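Colleague: Here you go, one structure.
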Amino acid sequence: MNTSYCIMLPFLILAVLLNNINLSHADPTDGFTPVPLTAANFELQKPYDVPLQERYSYENGIHKLWVYATDKPHDPNSRTQPRTEIRIKGLDYSSGVWQFEGYGFVPNGTSGVTVSQIHGAAHDSNGAAHDSSTIILRIYDGNMRYYSGNLIATAMYDKWFRLNLIHDVDEGTVTVFLDGVQKYKTKDRGPGDLYFKCGVYAAPRSISYYMESSLLFLLLASSLKHHQVCGADPTDGFTQLPLADHNFDLQKPYNVPLDDRYSFKNGVRSLWVYNHDKPFKTDTTTRPRTEVRIKGYDYSSGVWQFEGYAYVPKGTSGVTIMQIHGARKGATTLQLRIYGGDMRYYKFDLIDTNLYDKWFRVNVIHDVDAGNLTVFIDGVKKFVKNDQGPGDLYFKCGVYAAPRNSSNYMESKWRDIKIFKK
């Protein structure tokens, strides 16, 4: 069987902007105020003759949607191609500026599938739509195209990518960003009754037999008139360093196989441990852990940054999910711990709250020369602290049981881990 699928982890940003928005030297979402979606905003479309659970699942905050090339359309009166999609309801639009944001992962083999679209376009004088969609973003052989035509980006297979789609209805343009970089801009197809969709929708031809995508939680956002964008991303001014498999050293209880405490699937690393587990080697009395230790980028000076997207399921508590190992005195410079869904500096200062059951972006900057640490959550500076002196330093993430008050089961998931340096 020639299988193919796409992982989409969208933070859907729908924003109404009016005039004078300046996006130069800024994140595509700057100036947009997120508005959470509820279940009522999610309409699922799947082949009409199969139960929903045979084409859709929801687990750990991820919507998974899949479809086969031989499937029926979503409606018995339709002759469209097979699909399993989320249609955003209650937020249809016909003017202003709106934005979709999502994180995607497309494994090798997926081809001929729409992963995101804006449905709706201009109507003629008789009320008939000129087209059914304003934009369709398709994957063909690992490349992203505008419908089956213009090339937007290449080499999209087997890596996470960030997708931002901005529709300025009043200006009549659609702009596509990938990983924060503008990749494509085109005229839209005129105003109409418009809404966003994401998932899997088979192209008219040249499609793989099996198509799948997964979707992370969705958000909405709005902005004010004459908003001037001036925000900066924590990684601005840094240089990303390459990471390969040999840079990820796995530490787990010494007496159990790795696959009993760790999995890596579709770009997501799942790490778990039990409070009664053994330490990671026989000659230590440290607490149980399953962690990724970044190798090859140990440091003792300069400015370094760790970035990753984390997910902590409800119930996990009393656990370090990210740390900088090494210090002038003591074993660590920084530990980010989860207690009852809140993040703390060790067991002390509160950094952020309500982090259970959702993906969040973690950026930690260590300026060794200045002697300080800065923690960002979802791009917002949350905590600044003096470090604990220079030493032999490196980054770690996963689950490492705190000295006390740990839950019996501890788990964290990580994706899109990156290391930067100035």
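Colleague: If K46 satisfies all but one of (1) at pLDDT below 95; (2) surrounded by 13 or more Cβ atoms within 10 Å (Cβ to Cβ); (3) of a type in the set (D, E, K, R), what's the number of the condition it fails?
Modeller: Against the list (1) at pLDDT below 95; (2) surrounded by 13 or more Cβ atoms within 10 Å (Cβ to Cβ); (3) of a type in the set (D, E, K, R), K46 comes up short only on (1).
Colleague: Tell me, which strands (runs of 3 or more DSSP E) wholly within the range 129-208 include 1 or more residues that are assigned by TED's automatic domain parsing to the domain that holds P28 and at pLDDT below 95?
Modeller: 133-140, 160-168, 173-178, 181-187, 195-202
Colleague: Let me ask something else about it. Identify, by number, the condition in (1) among the polar types (S, T, N, Q); (2) assigned to a loop (DSSP other than H, G, I, E, B); (3) at pLDDT 95 or above that N363 doesn't meet.
Modeller: Among (1) among the polar types (S, T, N, Q); (2) assigned to a loop (DSSP other than H, G, I, E, B); (3) at pLDDT 95 or above, N363 violates only (2).
Colleague: Could you tell me whether F383 is in a loop (DSSP other than H, G, I, E, B), farther than 15 Å from S412 by Cα and in the same structural domain as Y311 (by TED's automatic domain parsing)? Spell out how you get there, then give the answer.
Modeller: Working: in a loop (DSSP other than H, G, I, E, B): no; farther than 15 Å from S412 by Cα: yes; in the same structural domain as Y311 (by TED's automatic domain parsing): yes.
No: the conditions fail for F383.
Colleague: Can you find a residue that is within 22 Å of S407 (Cβ to Cβ), modelled with pLDDT under 95 and of a type outside the set (S, T, N, Q) anywhere in the range 236-253?
Modeller: From the range 236-253, those within 22 Å of S407 (Cβ to Cβ) are 250-253; that's our starting set.
Keeping just the survivors that are modelled with pLDDT under 95 gives none.
So far as the range 236-253 goes, no, none of its residues is within 22 Å of S407 (Cβ to Cβ), modelled with pLDDT under 95 and of a type outside the set (S, T, N, Q).
Colleague: Return the pairs, sorted by first residue and then second, in which the second residue is of a type in the set (D, E), the first residue lies in the range 369-384 and is within 26 Å of R328 (Cα to Cα), the beta carbons are less than 7 Å apart, and the residues are 6+ apart or on different chains.
Modeller: These pairs meet every condition: G371/D387; N372/D387; L373/D387; K382/D352; F383/D349.
The values are calculated or read from the model by the stated rules, or taken from the named source; none is laboratory data. Remember, predicted model here, so these are calculated numbers, not experimental data. All Cβ positions, even for glycine, are placed from backbone atoms using ideal geometry, and neighbour counts span all protein chains on display.
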